[in-house]
Amino acid sequence: MIESQRHSYHLVDPSPWPISGSLGALATTVGGVMYMHSFQGGATLLSLGLIFILYTMFVWWRDVLRESTLEGHHTKVVQLGPRYGFILFIVSEVMFLFALFRASSHSSLAPTVEIGGIWPPKGIAVLDPREIPFLNTLIPLSSGAAVTWAHHAILAGKEKRAVYALVATVSLALVFTAFQGMEYYQAPPTISDSIYGSTFFLATGFHGFHVIIGTLFSIICGIRQYLGHLTKEHHVGFEAAAWYWHFVDVVRLFPFVSIYWWGGI
Amino acid sequence: MAEIELKTAPGDYRFPTTNQSRHCFTRYVEFHRCVAAKGDDASECDKFAKFYRSLCPGEWVDRWNEQRENGVFPGPL
């Protein structure tokens, strides 16, 4: 088949994963609504849907991996697709997180009469931005440096060193998440404590969720690097993970400056 | 026949918008801060009382008075 192909585009084989992912999403949505309205079987349908989506993600990505790494379908021109696609995905993520920070700024720049016209609202004990919040801004930035180290190692063909660099990237990410968990556990406000708690936990929580996604992405890259999937010339998966990771660590600066620092003193 | 002088609170540059809710609230807070600092019968505080009474809806004042009594008023007193 490859022999007869006179172009460098990848014509994909029929695959069951789009429909299985769609059915999983449908079950998750319906199950989620049923669960939140205390319908019988809601939790079961929701769990089934989520398992279905996770299964689809696993097998679909496994197929893409086989097509690219083992069958060589990802030619130079094919690589452009996932690159542009991933950049657009990150742009949409930036807009999503911007909305959350905007909600926080909207509530804090001109606090309403209902919360006494002051920010933080009366009785809200805020965290000292110079303690864990500052440390937890430096850690993702350092992790971003480590992922650049991994990139250089891959480009230089130093395979082992790239694995070490990715281990460093992931370790720093895990330290960040552990500190963030500790901060949430010890923080005096809860998500139900006025508009402060709502915007604080929504913004920092979604950032933390993205850190966890980026950590998983980096772990996958580390494993693939260890297995020799990534080469000097071809490592689109790693590039996407590095872009994502830089997006996550740069985004951390916004809650640090506007929520923890400006909004907390 | 004596003329009755009708006056509302003067314009305040801190509150240039049409919506004067924040103006009302601030005058209410200023009155209570004034009374807290100068005593209940200080005449300097009268103007703040006039301002907030002419700007604020009565229900708001009732609610804030209640909040102050219960110690849950959110403003910077």
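Observations on the model:
- Modelled spin-label separation between A:S192 and B:K50, with each label point placed 7 Å from Cα along the Cα-to-Cβ direction: 4.7 nm.
- Selected from A:A145, A:A25, A:A103 as most flexible by GNM, with chain A as the system and alpha-carbon contacts under 10 Å: A:A25
- Taking 0.36 nm per residue of separation and subtracting the current Cα-Cα distance, fully stretching the chain between A:H106 and A:I51 would add 16.0 nm.
- Projected label distance in nm at A:R6 and B:V35, using a 7 Å step from Cα toward the beta-carbon: 9.3
- Dipole of the protein assembly as shown, positive end: most advanced residue of A:Y260, A:P140, A:H151 [Cβ charges, Cα centre]: A:H151
- Modelled this way, with points 7 Å down the Cα-to-C-beta line, the labels at A:S38 and A:L135 are 4.3 nm from one another.
- Scaling the Cα radius of gyration of region A:148-252 by the globular reference 2.2 N^0.38 Å produces a ratio of 1.28.
- Chain B packed on chain A takes about 700 Å² of accessible surface away from a 1.4 Å probe, both sides summed.
- Listed residues A:T56, A:T177, A:T190, most fluctuating in chain A (Gaussian network, C-alpha, under 10 Å): A:T56
- Dipole magnitude for region A:1-72: computed about the Cα centre from +1 point charges on Lys and Arg Cβ and -1 point charges on Asp and Glu Cβ, it is near 180 debye.
- Kirkwood Rh (inverse of mean 1/r, distinct Cα pairs), region A:72-190, angstrom: 18.2
- Separation between Cα centres of region A:100-172 and region B:6-57, rounded to whole Å: 43
- Listed by chain and number, the lysines whose C-alpha is less than 29 Å from the C-alpha of B:K50, apart from same-chain residues fewer than 8 away, are A:K122, B:K7, B:K38.
- Region A:1-72, relative contact order [Cα under 8 Å, separation at least 6], %: 28
- Fully extended contour minus Cα-Cα distance, from A:F209 to A:D128, at 0.36 nm per residue: 26.9 nm
- Left without a cysteine partner by the 4.7 Å Cβ rule in the protein assembly as shown: A:C221.
- On the principal axes of its alpha-carbon atoms, chain A has extents of 74, 51, 27 Å, going from largest to smallest.
- Along region A:207-212 the Karplus relation, 6.51 cos²θ - 1.76 cosθ + 1.60 evaluated at θ = phi - 60°, assigns HN-Hα couplings of 5, x, 4, 5, 4, 5 Hz to successive residues, with x for each Gly and Pro.
- Extension gain, A:V257 back to A:L23 (0.36 nm per residue minus Cα-Cα distance, nm): 80.1 nm
- Counting only trypsin sites (Lys or Arg not before Pro) that DSSP places in a loop and that have at most 13 other Cβ atoms within 10 Å, the longest clean stretch of chain A runs over A:7-129.
- Rounded accessible area per residue of region A:1-72, 1.4 Å, Å²: 78
- Treating each Cα of chain B as one equal point scatterer and applying the Debye formula with no solvent, the log10 of I(q)/I(0) at q = 0.24, 0.25 Å⁻¹ comes out as -1.22, -1.27.
- Built from the Cα atoms of region A:1-72, the convex hull projects on average onto 5.5 nm², one quarter of its surface area.
- Using the Cβ-Cβ distance between A:S171 and B:E59 with R0 set to 56 Å, the FRET efficiency from 1/(1 + (r/R0)^6) comes to roughly 0.45.
- Relative contact order [Cα under 8 Å, 6+ residues apart], chain A, whole percent: 20
- Within the straight-line cut-off of under 27 Å between alpha carbons, the lysines reachable from A:K76 are A:K158, A:K160, A:K232, sequence neighbours fewer than 8 places apart in one chain being disregarded.
- Paramagnetic label zone (point 7 Å from Cα along Cα-to-C-beta, A:D63; backbone N under 20 Å) in region A:81-111: A:81-83, A:85-86
The values are calculated or read from the model by the stated rules, or taken from the named source; none is laboratory data. The shown structure was predicted, so the numbers you read here are calculated from the model rather than taken from an experiment. Counting neighbours? That spans all protein chains shown, and the Cβs are built from the backbone with ideal geometry, glycine included. The accessibility values were calculated without ligands, DNA or RNA, using every heavy atom of the protein model including side chains. Shrake-Rupley method; radii C 1.70, N 1.55, O 1.52, S 1.80 Å.
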